[in-house]
């Protein structure tokens, strides 16, 4: 009986510790962008502004690293997060999914509205920002937050939804700076759908590289394929089609998971 009580106390202590770490992670992840935005309004130097923008983007990963270092678990956690197993599929599959949904969305839009298929372009500075996004977010979101929610006992089917909601709310600083042209409701829906795609990728590869690659590919291709409203004279239909296609792709991938990826 004494051993059972001790075990119960240890489990309770562990859950409380995880919950506190989770709260600290979210607090830092949401606070850093706010501090950066305020600093940007006070400092007019272009280089510093660029650095502060990078801090905004990387706040989830910075937050995860801080919390892990405080708990002296950074080294072991990162060794589990990054590994060579399934590395090729962790890179190729996300690009296939992103390319398929992006190009199909634009093709369908062009057919429906009788538009010419025109690709967008990105500057060198934009590409640097997009490349930085490869490292900036997913170590925090899918690498840290999602596993922590699992350890807290959240329903596994609802975890991607919870992460998607938090991820969407975290973008508040971009909306404040008018960096996102998509309507908030549509953006909210897309975050949840995409969060399930991230979760699917992680479930079959067990490698954070898959989430990082998908994030980078998505951000890159949405500019190259010109899906955003600002690149279509304010028309949000390409983005709506994209979200619908992502939903369909997700359903197909999940239905094939047991048969196609059960040996991964």
Just one of (1) within 24 Å of residue 229 (Cα to Cα); (2) within 17 Å of the chain's Cα centre (by Cα) trips up residue 183, so point out which. (2)
Taking the condition more than 18 Å from the chain's Cα centre (by Cα) and either under 30 Å from residue 153 (Cβ atoms) or in a helix (DSSP H, G or I) (or both), does residue 30 pass? no
Please count how many residues of region 114-142 are more than 25 Å from residue 50 (Cβ to Cβ) and within 18 Å of the chain's Cα centre (by Cα). 1
Sort through 224, 197, 184, 230 and tell me the only one that's farther than 29 Å from residue 149 by Cα and modelled with pLDDT of 90 or more. 224
Among the residues of region 93-124, which ones are free of Cβ contacts under 8 Å to residues at least 12 places away in the same chain and either part of a helix (DSSP H, G or I) or surrounded by 15 or more Cβ atoms within 10 Å (Cβ to Cβ) (or both)? 96, 107, 110, 111, 124
In region 77-92, what residues are in contact with a helix residue (DSSP H, G or I) (Cβ under 7 Å, 6 or more places away or on another chain) and not in a loop (DSSP other than H, G, I, E, B)? 77, 81, 87, 89, 90, 91
Flagged pairs (Cβ under 6 angstrom, 6 or more apart or on separate chains; first in region 49-66, more than 14 Å from residue 137 (Cα to Cα); second in a helix (DSSP H, G or I) and at pLDDT below 90) are 49/40; 52/40
Looking at region 42-59, is at least one residue on the phi > 0 side of the Ramachandran plot and out of contact with any helix residue (DSSP H, G or I) (no Cβ under 6 Å at 6 or more places or on another chain)? no
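The values are calculated or read from the model by the stated rules, or taken from the named source; none is laboratory data. Owing to the predicted nature of the structure, the values given are computational and were not obtained by experimental measurement. Every residue, glycine among them, receives a Cβ derived from its backbone with ideal geometry; neighbour counts consider all protein chains shown.
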